[in-house]
Amino acid sequence: MKILKYFTVLVGMVFIAPGFAAEHTINAEARVYNPDIIYVAPGDTIGFKNMTSHNAVSYVVPEGAEGFGEKGKLPGGSFNVTLENEGIYGYVCEPHIGFGMVGVIVVSNPVGSATAEMKDAALKKANETLEGPFKRLIGKLNKVEVK
Ligand SMILES: [Cu+2]
């Protein structure tokens, strides 16, 4: 029981520690993600909700970072993403890409401190790799606010 007590205290500290591992929610609503652009810190958890008929697959990922989501698959319900690498991630809802259902996650420490270089890198990758309706992600990346 003593071990359990220590474990509870430890877990409590992790969740209470200010500015550490915040949780964010992105709601899939009809043909949009709400919010469509979010600014988070490395290690934060991003929960995608209401994903029964939507998916969220990263198509633009910072150099050396891991993407998220599975191409061609619906997660069903909800799923969480934790991004450790700083940079700008662009993702799409594949079933609704024709409606322009795309989103951006900006990861920086501190939150909101993404640079013009990060944005340029994301736009360069997007321009080089995205095709057809997936190019709609470029417009969303252009709306990212940088320092
Ligand atoms: Cu969708």
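Every number here is computed from the coordinates shown, using simple stated rules; none is lab data. Bear in mind that the values here come from a model prediction, so they are computed numbers and not experimental data. With ideal geometry, Cβ positions are generated from the backbone for all residues, glycine too; neighbour counts draw on all protein chains shown.
Given their separation in residues at 0.36 nm each and the Cα-Cα distance between them, Ser78 and Asp36 gain 13.5 nm when the chain is fully extended. Counted over segment 19-147 with a bin width of 10 Å, the fraction of Cα pairs per bin, in whole percents, is 14, 49, 33, 4.
Of the trypsin sites (Lys or Arg not before Pro) found in segment 27-81, the ones in coil according to DSSP and having at most 16 other Cβ atoms within 10 Å of their Cβ are Arg31, Lys71, Lys73.
Taking 0.36 nm per residue of sequence separation and removing the Cα-Cα distance, the Ile138/Thr25 pair yields an extension gain of 38.4 nm. Split the chain at each of the GluC sites (Glu not before Pro) in a DSSP loop with at most 16 other beta carbon atoms within 10 Å, and the longest piece is 1-62. Note: relative contact order over segment 21-142, using C-alpha pairs below 8 Å and six or more positions apart, is 27 percent. Note on the chain: helix-only mean residue ellipticity at 222 nm, from DSSP H runs of 4+ residues weighted -39500 (n - 2.57) and normalised by residue number, equals -7500 deg cm²/dmol. Of interest is the spacing of the C-alpha centroids, which for segment 67-97 and segment 116-147 amounts to 16 Å.
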